[in-house]
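Remarks on the structure that follows.
The values are calculated or read from the model by the stated rules, or taken from the named source; none is laboratory data. Source: prediction; values computed, not measured. Cβ placement follows ideal geometry from the backbone for every residue including glycine, while neighbour counts extend to all protein chains displayed.
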Amino acid sequence: MFTHKRIALALTAATLLLPVSAFAGDDAAVKVSGKEAVKGATGIAVAAFNVGFIFESTDQTKATGGMIGAFGGTTKAKSSLVGVTPEMMQKIADAAYADFLAKLAAGGLTLKDAATVFAAPEMAKPHGQVSPLDISIALEKNSKGKATYVKPAGLPTLIMVAGDFQGSGFSSMGLAMDAGQAGYALSQYAKASGVPVVDVTYLIDFSQQKRPGAFSLGGLEVNANLSVVPGFSRMTVFGPNGKTTTVTLNQNISVDGDFIDKHDASSGTAKTTQAAANIAGGIMAAMGHGGMMFGKTRKFEFDAKPGNYEEGAAKAADLANDVMVGQINALK
């Protein structure tokens, strides 16, 4: 059984009850586009609830000079998460989905049964994906990763709409086309049923790297942490009035605790070679001969602790649910 050291929340419980206008500015907890989709709603349908897990990320930052061994070049950190099974991901997605539905009901909304939603003629065409779904994603500038998305068992298919993911490479083009069709189907169902339809996607990170610009004399700082990633975690609501509301997390929602073991997986040979090259380049630069800038590459592995990892990830998703449901309650 785990005990977490602290929970870093993006906002307080009181903030959740504030109107959307309270979140103005770059430092806002969320970004809201459109406010009319849930206005006057007494019922709601949840057609998609996806929990994504980053399993691999590559971050790089440009050095600007300094002491010998850090003369420019590009420093890269390649991080990978191991030890998370499909069963663990499913447990997290199911728990987060159940928590989301419970909080919607607690806010006074009548929930449409998922089977009823997907039996509607507007949802007849297969717009979904097979869960789990692997996607190569573009993180921030000079950063990329691989993520796996999982739907809860309570939904028959994994649906993503436009904006739910930021794909990297040609492999995501087909997904983007499907997402457009899925969004249209959800909007048509909302109009036909008379209730708003909700699509939620969370992306959970494990390394809490400072992207971008994390270079220091020791390279990139990598800390074990579980967080719902801002910018990649969002809720789209399709209203029966034809309006759409999008709520995107603008700040990390993170949980610190004994969830993951981190270790440097770089080989000794790689470290020695890079260090020698950088020292040589630094000496050449100091002598006025220019000098090449090799930079560094470090590999980190994060070993998930069974039980602890699931509880931490589910807690992070629950905190994100507070934000999303708080927005729905404020807008209706």
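Applying the set (1) farther than 18 Å from Ala320 by Cβ; (2) of a type in the set (Gly, Ala, Ser); (3) not in a loop (DSSP other than H, G, I, E, B) to Ala95 leaves exactly one unmet item: (1). Give me the residue from the stretch 48-67 that is of a type in the set (Gly, Ala, Ser) and farther than 24 Å from Val150 by Cβ and, out of that set, modelled with the highest pLDDT. The residue in question is Ala63.
Selection within the stretch 123-143: residues that are surrounded by fewer than 15 Cβ atoms within 10 Å (Cβ to Cβ) and more than 14 Å from the chain's Cα centre (by Cα). The member of this set that is modelled with the highest pLDDT is Val130. Looking across Ala37, Ala70, Ala45, Ala10, one residue alone is surrounded by 18 or more Cβ atoms within 10 Å (Cβ to Cβ), in contact with a Leu (Cβ under 9 Å, 6 or more places away or on another chain), at pLDDT 95 or above and assigned to a loop (DSSP other than H, G, I, E, B). It is Ala37. Condition (residue is part of a strand (DSSP E or B), out of contact with any Phe, Trp or Tyr (no Cβ under 6 Å at 6 or more places or on another chain), modelled with pLDDT of 95 or more and not β-branched (Val, Ile, Thr)) applied to the stretch 109-121: is it met by at least one residue? Looking for residues that are part of a strand (DSSP E or B), out of contact with any Phe, Trp or Tyr (no Cβ under 6 Å at 6 or more places or on another chain), modelled with pLDDT of 95 or more and not β-branched (Val, Ile, Thr), one finds at least one in the stretch 109-121, hence yes. Could you go through the stretch 263-280 and let me know if any residue there is at pLDDT 50 or above, surrounded by fewer than 19 Cβ atoms within 10 Å (Cβ to Cβ) and not small (Gly, Ala, Ser). Checked the stretch 263-280: at least one residue is at pLDDT 50 or above, surrounded by fewer than 19 Cβ atoms within 10 Å (Cβ to Cβ) and not small (Gly, Ala, Ser). Selection of strands (runs of 3 or more DSSP E) fully inside the stretch 153-258 by the criterion of at least 1 residues being at pLDDT below 90 returns 197-205, 226-228, 253-256. The lone criterion from (1) within 17 Å of Phe53 (Cβ to Cβ); (2) crowded, with 19+ Cβ neighbours inside 10 Å left unmet by Pro86 is number (2).
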